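Q: Here it is: the structure, laid out below.
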Amino acid sequence: MYQNDAQKCLTGVVRLSYAYLSNPRQTRDAYGNAQGEPKYSVTLLIPKSDTATKADLDAAFAAAATDAVAKKWGGVRPPKLDALIHDGDGVRQDGTPYGPECKGHWVLTASSKSKPQVVGIDNVTVELDPRDVYSGMYARVTVRFYGYNAGTKKGVGCGLGNVLKIQDGEPLSGGASAASDFAGIATPAASAEARVNPVTGLPF
């Protein structure tokens with residue numbers, strides 16, 4: 001529960017993966033056809049050591065299901081609800097293992113049609129430059145679980161709220177940061193005296 005809403009949670013510090021927070025992402029089927037409306041989304045990598053966040057998420061999921069029984073599902077709870085929180089040490093639904101960044105974590109994906117606000121720990125009133133928002137950074141995130149009834153499909157979804165960036169991390173985009181690429185190579189900036197042109201006497 002967060003802010004007196006049983007279906008809402010504020011996570012502890014998590015790592016972000018597949019972060020589409022500045023521009024919405026259009027999902028596509030196996031044939032490349034667009035599916036539904038583009039959405040902002042992010043996958044949260046929740047350390048298994050953070051048992052408090054896991055308990056909050058489980059409770060919010062249960063609260064959303066209870067709420068949906070009366071409001072969405074006509075008083076009848078589906079016999080089986082698809083899980084939203086997955087074991088990063090296990091395998092995906094297609095049988096392939098999760099990536100190495102998921103090891104030791106719970107994996108949860110949240111999405112929204114509305115753009116989330118992404119702010120920094122030093123100033124929660126100003127949104128971050130999109131260049132400072134990326135997969136691999138660490139953040140705290142608000143999410144809200146909700147029940148849905150889409151024809152023959154009933155279940156619980158996870159809505160994305162807002163994101164509070166806590167600190168930088170190694171990018172998960174498949175590339176390394178400049179700092180790691182050039183570690184041990186870069187030299188300290190030369191002093192002002194050393195950057196004077198010996199011919200003109202003027203600084204470079």
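None of the figures in this text is laboratory data; all of them are computed from the coordinates on show. Computed from a prediction, not measured in an experiment: that's the story for all the values here. Virtual Cβ from ideal backbone geometry, glycine too; neighbours counted across all protein chains shown.
Q: Can you list residues whose amide H is under 5 Å from Asn162's amide H, if they're 5+ apart or on another chain and H is modeled 1.01 Å from N?
A: Amide H to amide H, under 5 Å and 5 or more residues apart or across chains, Asn162 pairs with Thr142.
Q: Related question: Taking Cα pairs under 8 Å and at least six residues apart, what relative contact order does the chain come out at, in percent?
A: 24 percent.
Q: Let me ask something else. Answer with a single label: of (i) 18.6; (ii) 19.6; (iii) 17.6, which was calculated as Kirkwood radius over Cα pairs in Å from the structure in view?
A: Label (ii) holds the value from this structure.
Q: For every helix of n ≥ 4 consecutive DSSP H residues, a contribution of -39,500 (n - 2.57) applies; sum these over the chain, divide by its total residues, and give [θ] at 222 nm rounded to the nearest 500 deg cm²/dmol.
A: -4000 deg cm²/dmol
Q: Would you mind checking the tilt of helix 51-71 against the longest principal axis of the Cα atoms of the chain, expressed as 0 to 90 degrees and rounded to 10?
A: Approximately 40 degrees, to the nearest ten.
Q: Can you work out ³J(HN,Hα) from phi for every residue in the range 130-141, in order, using Karplus 6.51 cos²θ - 1.76 cosθ + 1.60 and θ = phi - 60°, giving whole Hz and x for Gly and Pro?
A: The phi angles translate into x, 5, 9, 10, 7, 5, x, 6, 10, 7, 10, 9 Hz.
Q: Per-residue counts of other Cβ atoms within 10 Å, averaged by peptide: what ranking do you get for 94-105, 134-145, 35-46, highest first?
A: Final packing ranking: 134-145, 35-46, 94-105.
Q: A further question on this structure: Given 0.36 nm per residue, what is the gain on full extension from Gln167 to Ala55 after removing their alpha carbon distance, in nm?
A: 37.9 nm
Q: Which pairs break 29 Å Cα to Cα here: Lys113/Lys153; Lys72/Lys103; Lys72/Lys165; Lys71/Lys165?
A: Long pairs (Cα-Cα over 29 Å): Lys72/Lys103; Lys72/Lys165; Lys71/Lys165.
Q: Cα centroid distance between the range 58-106 and the range 1-50, in Å?
A: Spelled out, the Cα-based centre of one part sits 13 Å from the other.
Q: So if we plug the beta-carbon distance of Asp5 and Thr27 into 1/(1 + (r/R0)^6) with R0 = 25 Å, what FRET efficiency do we get, rounded to 0.05?
A: With a Förster radius of 25 Å, E is 0.35.
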